[in-house]
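**Q** This is the structure I have questions about; it appears just below.
The values are calculated or read from the model by the stated rules, or taken from the named source; none is laboratory data. Given the structure is predicted, the values throughout are model-derived calculations rather than measurements. Note: ideal-geometry Cβ built from the backbone for every residue, glycine included; neighbour counts use all protein chains shown.
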Amino acid sequence: MKTKLSPRFWCAITLFSLIGQVAWVVENMYFNVFIYKMFNASADDIALMVSASAVAATVTTVFMGALSDRIGKRKLFICGGYILWGISIFSFVLIKADIISPLFPSVTAISSLCVTLVIILDCVMTFFGSTANDAAFNAWLTDSTDSSNRGAVEGINAMMPLVAILVVFGGFMFFDLEKAQSWSLIFTIIGTVVLVVGILGIFLIKDTPIEKPQQSYFKCIFYGFMPKTIKSNLSLYLTLAAFVVFNISIQIFMPYLIIYYEKSLGMTDYVFIMAPAIIVAAVVTAFWGRVYDKKGFNFSSAIAISSLCVGYIILFFTKTTLPVFIGSLFMMCGYLSGMAVFGAMIRDNTPENKAGMFQGLRIFSQVLIPGIVGPAIGSAVLKNAETVLNNDGTTSFLPNENIFLASLVAVLLLIPFLFIIKKKKGTD
């Protein structure tokens, strides 16, 4: 029998997942654009920012996830975290050359200093965001669902990055991203919205009672890394290993995607091109979670990964509007459907009452390792990329289609993992 979830739960997951993903989309897809346009950041700068944020997210989730298990109150971490997350996003308004320059009169490379400050503040923002979303909110979702409804819930949760991209793309249409004033307004709006959602959560979120762990906080932190834990939850760790490979593939191209559309392909109206693809992919992702509930991991993951591969191939070979739209549609459907399938599989294999302890492991496989390896591969692939001369005499790199070829090679490495997971499930 499928466990029915309350309207209040669906409202909470929709609101917190959507707004959380809007904040992550701005960070993951537009902070790159921000430092690229405002401070002429290089591919190495972008790779460093993604990697530093990935480390901050992982360390935060490991420690704060275990702490939320010990305290047993996810709501406190979710609501308080969202409020502080919003404030930290607003703080980016202060990173402007005309504000920073008088504070550091002896520094000649103000743009480089601003890039460094963005990376540092990004890590601070990530601490609050990962505490609220990666650690507490995701643990709360696991606590509040069971194997009869996790696919459906994860379908909604996994589609939100695409919906968030649509929201952000649509909102950013009205801003001239070449102007610092536009970025100030963007950070003000996003920061305020995230803060308000944190306040609303006080009334919306209902804590699910969990059994507090008996071991010390220190042991809670390292519980998921102990050999005994790995041996007794082998299916979970095999899924996490496959998830690492999946996300490395995504992180090879994702930090450069918008720059590729706008600068390399010359699609200044990429929002109109991508919006239909995003809408279709979001609907497919919501549906695909239910496919997981009915058909299981093997079937649903194979189709999702196949769609991702088709998208990569089309994007590598084409540069005109219609084929790029089709390739982006396949890529996005595969990406988000894969996220839904892997997310549901991970939740199904997470030990009961220990969701917080295992969120750090999920972030290891979703953020840390992919966030370091993926952008590094992307940066290496773009090492000799074409450059363009800016109005101020500086140069900027132009991403090319090789990022999709590298992503395809990475995702093909998933095939052996899927066979191993299938064999393991057959023996359980």
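**Q** If we keep just the residues of the stretch 82-106 that are assigned to a helix (DSSP H, G or I) and of a type in the set (S, T, N, Q), which is modelled with the lowest pLDDT?
**A** Once the filter is applied, the top-ranked residue is Ser101.
**Q** Within the stretch 40-60, track down each residue that is farther than 24 Å from Asn138 by Cβ and surrounded by fewer than 23 Cβ atoms within 10 Å (Cβ to Cβ).
**A** Asn40, Ser42, Asp44, Asp45, Leu48, listed by residue number.
Let's see how each residue does on (1) within 30 Å of Gly266 (Cα to Cα); (2) surrounded by fewer than 17 Cβ atoms within 10 Å (Cβ to Cβ):
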| site | (1), (2) |
| --- | --- |
| Val341 | no, no |
| Asp348 | no, no |
| Ala355 | no, no |
| Val381 | yes, no |
| Leu398 | yes, yes |
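**Q** If we scan the stretch 150-167, do we find a residue that is surrounded by fewer than 17 Cβ atoms within 10 Å (Cβ to Cβ), within 22 Å of the chain's Cα centre (by Cα) and not in a loop (DSSP other than H, G, I, E, B)?
**A** Within the stretch 150-167 (the criterion being surrounded by fewer than 17 Cβ atoms within 10 Å (Cβ to Cβ), within 22 Å of the chain's Cα centre (by Cα) and not in a loop (DSSP other than H, G, I, E, B)), the answer is no, since none of the residues qualifies.
**Q** So, one more: Residues Ser249, Ser235: which one is part of a helix (DSSP H, G or I), modelled with pLDDT under 90 and closer than 29 Å to Thr350 by Cβ?
**A** Ser235
**Q** If you take the residues in the stretch 168-179 that are more than 21 Å from the chain's Cα centre (by Cα) and surrounded by fewer than 17 Cβ atoms within 10 Å (Cβ to Cβ), which one is farthest from Ala277 (Cα to Cα)?
**A** Out of the qualifying residues, it is Lys179.
**Q** Scan Val197, Val244, Val271 and give me the residue that is of a type in the set (A, V, I, L, M, F, W, C) and either more than 24 Å from the chain's Cα centre (by Cα) or over 30 Å from Asn402 (Cβ atoms) (or both).
**A** Val197
**Q** Within 27 Å of Val197 (Cβ to Cβ) and outside any helix (DSSP H, G or I), is that true of Asp146?
**A** yes
**Q** Then there is this: Go through the residues of the stretch 30-40 one by one and say whether even a single one is over 23 Å from Met357 (Cβ atoms) and in a loop (DSSP other than H, G, I, E, B).
**A** Yes; the residues of the stretch 30-40 include at least one that is over 23 Å from Met357 (Cβ atoms) and in a loop (DSSP other than H, G, I, E, B).
**Q** Quick test of your reading of the structure: Met267 fulfils all but one of (1) in contact with a Pro (Cβ under 8 Å, 6 or more places away or on another chain); (2) not in a helix (DSSP H, G or I). Name the failing condition by number.
**A** (1)
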